[in-house]
Each structure stands twice: as C-alpha cells, then as structure tokens.
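Everything below concerns the one structure shown next.
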Amino acid sequence: MKRFLYELGESWKIAAAQMRSNLTRSTLTALGVIIGIIAVTLMGTAVNGISIGFDKSMAVLGDDVLYVTQWPWKPVDDWWNYRDRKKIKTEYAETLNRMIAATPNSNLVVAVPTSNFMRSIKYGGNQVNNVFVLGTTSDFIITSTIDCTAGRFFNELESRGGANVVVIGYDVADALFPSENPIDKSVLINGQLFKVIGVNTRQGTFLGLFSWDSMVAMPLGAFNKYFSAKTESDVRVKVKDKTRLADAKDELTGLMRRVRGLPPEKKDDFSINEQQAFKSTLDPMKNSIAIAGLFITGLSLFVGAIGIMNITFVSVKERTKEIGTRKALGARRRTILLQFLIESTALCLLGGFVGLAFAYLMCFGIGKAVPSFPIHFSLGLVLISMIVSILTGLFSGFAPAWTASRLDPVTALRYE
Amino acid sequence: METRNSIRPPGPVVIDIENITKEYVMGEEVVRALRGVSLQIRRNEYLAIMGPSGSGKSTLMNMLGCLDTPTSGRYEFNGKNVAEMDDDELAAVRNREIGFVFQTFNLLPRSTSLRNVELPLIYAGINPDRRVERAAQVLADVGLGDRIHHKPNELSGGQRQRVAIARALVNGPSIILADEPTGNLDSKTGEEIMELVENLYQHGNTIILVTHERDIAAHARRTVHLRDGLIEMDHVGFIPELDLPVAR
C-alpha cells in the first residue's frame, strides 16, 4: 500500500511535468472534457431544479392530507364510470367532522371543505386574471403549509360568518399593490368588495403547478354567497399520523361510505387521494426528463473522453522509446500503467474543475437573469462531477496505458 | 596507458549462461539469433562483446541485460534463475543488478540530470531525501557536480553520456552493460568516456561492453567474438592487429 502511494505520488509529478511541457495539446484536449462537464453539470442543475420544483409543488398538497374528490388523481381509462358520480359537497366536511369527533382513537384530525373558481381580481387600475379563488374554512390553515408574510389567515368567527375578507397570494399582492401595503385594502372580485387581511409567504412557482402565489382564499360562506354556480368542491382531511396513511385512508373511506349511504355491495362513488398518487404520476415524467437530458449531455462528455484517449495513445506512441528506457531501468508494468492512467486522469480532473467553475458561473448568471428558471447547483453535483471526471480519465486512459505497460522493452528501446 | 594492462582479480561468478538459444519468428521464417551460447562472467571483469551485425550480439546483450528471456538454455544471475522469471521479476533484476548505458543515451529530454539519475531509485522505492542525495553524489562522481539541474539539451554529448553512466551506477548494480557507449560521440569525447569506464572498472565495477569498434573493444580485458549466433572466440586481452586470442 505504501509502495502504491509512493508510485502514485511519483506518477503525479511525472504527469504534471508532462502536461506542462505539452501545454497547448493538454489545453485543447482538456477543452473537450471541460465542455462535456459543463454540459453534464448544467443538465444536472436543471434536473435538480425540476426535481426541487416538483417536490415544492407537491409540498403544497401536504404529505399528511387526504383529498376526497370526484375524480381520482391518476389517468383513468374508464372515465364514464367517474363522470356520473355525485359531486363532492362542502357539507360533507361538517358531517365528517362530527363522525371524527365521535370515533375514539380516530386517525383523522379535521375535515376541511374547499370550493374553487377562476376569477379576475381588481384593485384600482390593476387587475389580475384567472386567479384561483378558494372558499374554505378557518381550519384550512391546519391542513396547509402556507404562512402569511403580512396580516393573518381568517379566523373561525369570520369563517362561520362568511365575512367579506380574503387572504391573497404573494404574486397577486405584488401585481395589485406594487407600491402599497395590501392589508385592509378592498379588492374587487366578481363585483364584490373583499377586505385583504393577509398575504401569503412567497412559495415560488414551477411550471405553473399549484402555487399559492397566484391564489386567493376566502371564507366558504362568502364564497357560496357570491359564487354559488358551478364550482368544484373537495374535502381535504388531515391525518394524525402520516406513517399510518393507509389506515387513515381506510377509515376515511368507511366514513365517506356512511356519508353517501352506500350499501356494502356498491362500489365507492368517490375517490380518496394523497400527494403520493400525484407523485407516482409525475415521477416517471421527471425521471424521463432527467435520463434523456443526462444521456444527451453525456454524449458530449463521451466525445471529450475519446479526445483524451486519442491523445494518450499518441503520447504512448511518441514516448515508446522513453517507455523502453523506463522499463530497462526497472519500471514494472504497473508503474507504467499507473503513469499513463494518472496522466489522462489528471487531464480529465483539471478539465472537470475548469468545467465546473464555468458551469457554476453560468448557473449564477442564469439564476440572476431568469430567476424562475429551475436550476439548482449543489455540493453533491460538484462531487459527482469530480467522480465522473476521474472515471472519464480512467476510462479513456486505460486502453493506451495498458498498451504501454505491455510493450516489450527490447522493441520499445529500438523504436525511433 | 599502463592501466590497460592491470587486470584486477576476478571475483565470484555473476552471470552464468549455458547453451542458451533464441529464436524469433519473422513472418514465416524462424530466425535463430543465438544457437547455443555458453558464457561465464565474474565480478570485476571488463568484457567486450564483439561481432558483425547479424551475429547475435544485440540479442545476447538483451539476454544479459534481462530485457528478454532465452528460448532455451540456462541463465543464472547471481545464482538466481533468470530464464523463467516473469516481466516484473525481470524489471526488479534490471533495476537492482544492471546498469544500462545506451548509444543514444536515452535520457528523459525534459527532466534535469538529477531527475534522470533519480529514476532507478524511484523504481526501487527509495525515499525522496535519500534519493536526491544519492543521485547528486553519483553525478558528482562522474564529474557533473555543477550540472545537476541542467536538462539534456543544455549538455554536450559527452556530458549526456556521463549522466547516463551516473544513472547506470546509482543503484549500485552488479554489472554495467554498455551498448556502443561511444557510438554517438566524436573520438576525443569517446576516449574520455572510455577513461571514465576504465575508472569504474578500477573501482571494482563489472563492465560488459557491446561494440563493433575495435578501438573501443581494445579497452576491455577479455573479448568475446560472436558470429552467426555462436561464440567464435573468447579470449583474454586484445590484439588489434590480428584480432586473435593470445595464448594463455
């Protein structure tokens, strides 16, 4: 082992001297790896960013919340079986809450009704279109991860009374009140005035999926009063122990069957969903983006690796006599193998470092220029890039190094 | 040159070759480069191997230098059977027991004299401090104490060959194997190198000289003539006019 480290150290010195003396060639060869690493790393940051965006969007749903809906959260082939299902009514929430209270050791905490509608919202001369308007109860805050940067969520009193108050998303607030404090201002939704009592903390958007940033929440009473028509309603139910989500789901299914008054022989006429269901639909999509992206960018790294392999072959050929001399002086096969492997690896590692530095700068630039672009640079990515560089070096250097180590000293010495 | 007549008493046998052959396959033809050569070389001998091209001279040198193994026959180096060693074992023998001096010097062009001389020590696994010290010492011994940080292209031909000789000596080998050491030098410089070699012999080194030049071979105390893969003559001393063995 000590001997190996000794040889490793000496080979490093030789490799460094070799790179210095062939500076132009080394730089050009490393350029291939640099470009490869930049491509792979940037793709990695994008994949990372997409993944984080997905997870963030998922987090909005909450991993301890069950959703009672008409349609399941997954693609269905037999849509006609779902089309004629009865709508989910907001009143179910109250019934469910009574049942939960009556069940000892229930694994459910609270049921919250939500109704939604797309509307435009105005303040003064400013208007935002297609805002997701949500009618719910004050318990909503329990099932959700959202916070308010300013003001507060509506309380139980306002909830029961159906007061004309709204909590608005960050982007909505930004668009309506560019230079004002939105709290206590009145906004116009569907011809009705609502008082802003809270602004949600910025959540960030991803591909326009479920963001609280472009949303408005109001008491269900007020919602029903003004937007009674065709609205979509769900009931969301918070679970006490998320490790026993399956039990909770069974319990909720039982309760819902009682609510609907289904006899045992009938199938469920509602769906119970959780975040996981969404994830399992979106994850394959996310993974194929990652695989396709990394494969394509990986090709450019592969081209870089071939460049290194080529130059190492040339180097072995040029230095045949030197290899013969080294062998005559007592260099073993392993020593020669190591020397050339380290040369190619050092070149790749250097390319990797430079490529990474460029990729970091580019990420920084993109992040500044287009903040919404999903890109995320992580330490793990740095480590992986370094490992990939080393592996590239070993991969591309192995064949030439092996050839060098197997050279017959007599033939090598005679080579001109 | 009176030193030329002083033969130092030979020591124990270093190289013991018995009836070795070497065959190469070239295309469809089998070339028999050595057809049964037997030779004993003792410590502290100064031997020249001579012969026209195609005589098997180079092949024999490669055998002696453990760069190649014979097709058949016995070869013992310091009592160890070399004929059956694998590549890495041969490398270890070359590293510790044999100092090579080449016609074309074979120095690493971008490394300093010191670094070149260090090379065998690196392969022997000597630690850096002792390595530098030892290499600098040997360079000083061959008269290049002030040239240790020069690269080969900053040195004259004679100086380069001195660096190569220092490199050959640095591990304290059992034999110095010099292949046409003056072939790339003018005759004056060549003579200087041969004086250095004579000096090494006088200091107890074993020298094997491979050459086709009579003037050079004349420095040796024993001459082996090869012809067609066989030893034609093996005699003590050298008679340039006749190139015949003297009576023992």
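The values are calculated or read from the model by the stated rules, or taken from the named source; none is laboratory data. Everything numeric in this text was worked out from a predicted model, so none of it was measured. Here the Cβ positions follow ideal geometry from the backbone for every residue, glycine too, while neighbour counts run over all protein chains shown.
Key figures for this structure:
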quantity: Helices (runs of 4 or more DSSP H) within the stretch A:110-210 that include 1 or more residues modelled with pLDDT of 85 or more, within 32 Å of the chain's Cα centre (by Cα) and of a type outside the set (A, V, I, L, M, F, W, C); calculated: A:170-176
quantity: Those residues of the stretch B:188-211 which are touching a Ser or Thr at 6+ places or on another chain (Cβ under 7 Å) and over 22 Å from B:P9 (Cα atoms), in sequence order; calculated: B:G190, B:I193
quantity: Extreme residue, nearest to the other protein chains (Cβ to nearest Cβ), among residues of the stretch B:89-107 that are surrounded by fewer than 21 Cβ atoms within 10 Å (Cβ to Cβ) and in contact with a Pro (Cβ under 8 Å, 6 or more places away or on another chain); calculated: B:R96
quantity: Residues located in the stretch A:142-175, provided they are out of contact with any Lys or Arg (no Cβ under 9 Å at 6 or more places or on another chain) and among the aliphatic types (A, V, I, L, M); calculated: A:I146, A:A150, A:L157, A:I168, A:V172, A:A173, A:A175
quantity: Meets criteria (closer than 23 Å to B:L209 by Cβ, of a type outside the set (S, T, Y) and surrounded by fewer than 16 Cβ atoms within 10 Å (Cβ to Cβ)) for B:G172; calculated: yes
quantity: Residue that is within 30 Å of A:L193 (Cβ to Cβ) and at pLDDT 85 or above, where the choices are A:V235, A:V259; calculated: A:V235
quantity: Residue in the stretch B:108-135 that is surrounded by the fewest Cβ atoms within 10 Å (Cβ to Cβ), counting only those that are in contact (Cβ under 8 Å) with a residue 24 or more places away in the chain and of a type in the set (S, T, N, Q); calculated: B:S111
quantity: Filtered residue count, the stretch A:277-334, keeping only those that are under 30 Å from A:L5 (Cα atoms), more than 14 Å from chain B (Cβ to nearest Cβ) and of a type in the set (S, T, Y); calculated: 1
quantity: Filtered residues of the stretch A:301-344 (kept if of a type in the set (S, T, Y) and without any contact (Cβ under 8 Å) to a residue 60 or more places away in the chain); calculated: A:S344
quantity: Selection count, the stretch A:358-416, where residues are surrounded by fewer than 16 Cβ atoms within 10 Å (Cβ to Cβ), within 14 Å of chain B (Cβ to nearest Cβ) and of a type outside the set (V, I, T); calculated: 6
quantity: 2 or more residues more than 19 Å from the chain's Cα centre (by Cα): qualifying helices (runs of 4 or more DSSP H) within the stretch B:47-123; calculated: B:87-97, B:113-123
quantity: Among the candidates A:T29, A:T90, residue that is over 31 Å from the mean Cα position of the chain (by Cα), within 22 Å of A:I306 (Cα to Cα) and not hydrophobic (A, V, I, L, M, F, W, C); calculated: A:T29
quantity: Tally, over the stretch A:13-38, of residues that are within 20 Å of A:T392 (Cβ to Cβ), away from chain B (no Cβ under 12 Å) and not aliphatic (A, V, I, L, M); calculated: 6
quantity: Number of positions in the stretch A:48-90 that are touching a Pro at 6+ places or on another chain (Cβ under 6 Å) and either outside the structural domain of A:Q203 (by TED's automatic domain parsing) or free of Cβ contacts under 8 Å to residues at least 12 places away in the same chain (or both); calculated: 3
quantity: Residues satisfying the stated conditions in the stretch B:65-80, i.e. more than 15 Å from B:L39 (Cα to Cα) and either surrounded by fewer than 19 Cβ atoms within 10 Å (Cβ to Cβ) or touching a residue at least 40 places away in the same chain (Cβ under 8 Å) (or both); calculated: B:D68, B:T69, B:T71, B:K80
